[in-house]
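For reference, the structure is listed below as structure tokens.
Bear in mind that the values in this text are calculations on the coordinates, not laboratory data. The structure displayed is predicted, hence computed values, not measured ones. Positions of Cβ are backbone-derived with ideal geometry, glycine not excepted, and every protein chain shown enters the neighbour counts.
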Amino acid sequence: MSDGVELAGDEDVGEETGEKRVSYAEAFFDLVWVLCVTQISGLLHLDHGLAGVGRALIVLIPVYWCWVGSTVLANTRDIDHPWGRVGLFSIALCGLFLALALPQAYGSRGLLFGAAYLVARWLLLAQVLWGRGVVVGPMGVGALVTGPLLLAGGFAHGDARTALWTLAAALDLLTPALARRRLIAIRFHPTHLPERFALFLLIALGEAIVSIGAPVAAGRTLRADEVLSVAIAFVAACGLWWVYFNYAADAMRHAMTTAPLRGDIVRQVLSYGHLAFVSGVIAFAAGVSAAATHPGARLPPGPLGLLFGGCALFLATFGYTRWRMFRQMSWTRLGAAAAVLAAMALCAPLPALAALGVLAALLVALNLLEYRRVQRSPTHEL
């Protein structure tokens, strides 16, 4: 969790009276982050190599952390009033500038990216400080340390920019773990946050759908193998949705409601875990775009690795989240992740259409297996 706060003389940040639901303002706010995810996926489309993956991850972390901070603010404050909405939409405007900067973040728009992130963190900090004392936690680190580092990176060029932004991303990731003692004192609304993080995952899955259909729709003709590849790729995307929303979403909501230390669930499962989920889906989206566009050709190593590796990361993350929530392992999903990685090697010489078929079949088989196991034993842990 990136943006929990501890306020001097007031540790009870959130109120637990009633059930807090996602507001229309938050749903509108998320539309900006749809564009951010699309632009990050676009970076992977342009560079499938390890360096490209690393650069995409470096900019994904601050973008994601801005969203997390705003989500925590909405969870621990009442923002469903005119001034609260203005504050949220002001951060959304910074998110829009982040999205505009992303295609050339490592080129001519690096300063725009760094400045937009810094202003977003200042706006977030200002809304927390408004009449509530002094912040001593990750919110302040984002505004006073990582934000300036990203701005400094915007003035730098080449490897210097990459190094400064890598340091900023690493600090954003480490700060919540180092500030655990402060974060566990915060009161969180237990139903609101799981719903918000699930919606962000839907944003990433939406990008996967766009990556499946948009490149094919842009062609002048529509061949039979392209239609089939779109259908199979959509089945694979549905498989990813099913794995999360059929069982895991309810498990996360239950863990958040019953955990003695909700701050640990927010930090470990929601924030860190969903960063891995979203990263996996974005990688899958970049790989599936190449597969759907050229179904008759073999996938190059980069797109093949993104397609299967992203799916494997998504599935393996359930092993981490289930252990953090219940101290139990998700053996079926860990096994499926291993099977996906093994299939990647086997599918390397095959046409993209066949590789998509194998991946979709594995995801369908995983969901059928879990359905049968739950039907036989409703108390079975996946």
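Before moving on, here are some points about what is shown:
- Under 5 Å, built H, 5+ apart or other chain: amide partners of residue 299: 352
- Given (1) 62, 46, 41; (2) 63, 55, 34; (3) 56, 51, 40, the label whose value is Cα extents along the principal axes in Å derived from this model: (2)
- Potential extension, residue 261-residue 173 segment - 0.36 nm per residue separation minus Cα distance: 29.7 nm
- Rounded FRET efficiency, nearest 0.05, which uses the C-beta distance separating residue 83 from residue 364 and R0 of 51 Å: 0.55
- Relative contact order [Cα under 8 Å, 6+ residues apart], segment 24-183, whole percent: 24 percent
- Mean separation of Cα pairs under 8 Å and 6 or more residues apart, divided by the residue count, gives the chain a relative contact order of 19 percent.
- Distance between the pseudo-spin-label points of residue 122 and residue 181 (7 Å out from Cα toward the beta carbon): 3.2 nm.
- log₁₀ of I(q)/I(0) at q = 0.14, 0.22 Å⁻¹ - segment 225-268, Debye sum with one point per alpha carbon: -0.50, -0.73
- Mean separation of Cα pairs under 8 Å and 6 or more residues apart, divided by the residue count, gives segment 145-274 a relative contact order of 32 percent.
- Fully extending the segment from residue 235 to residue 130 would add 33.0 nm, taking 0.36 nm per residue of separation and subtracting the current Cα-Cα distance.
- In angstrom, the C-alpha Rg and Dmax of segment 199-319 are 16.3, 58.
- Those trypsin sites (Lys or Arg not before Pro) in segment 230-334 that DSSP places in a loop and that have at most 16 other beta carbons within 10 Å: 327
- Cα lying deepest toward the dipole's positive end in the chain, options 164, 228, 43, charges on Cβ: 228
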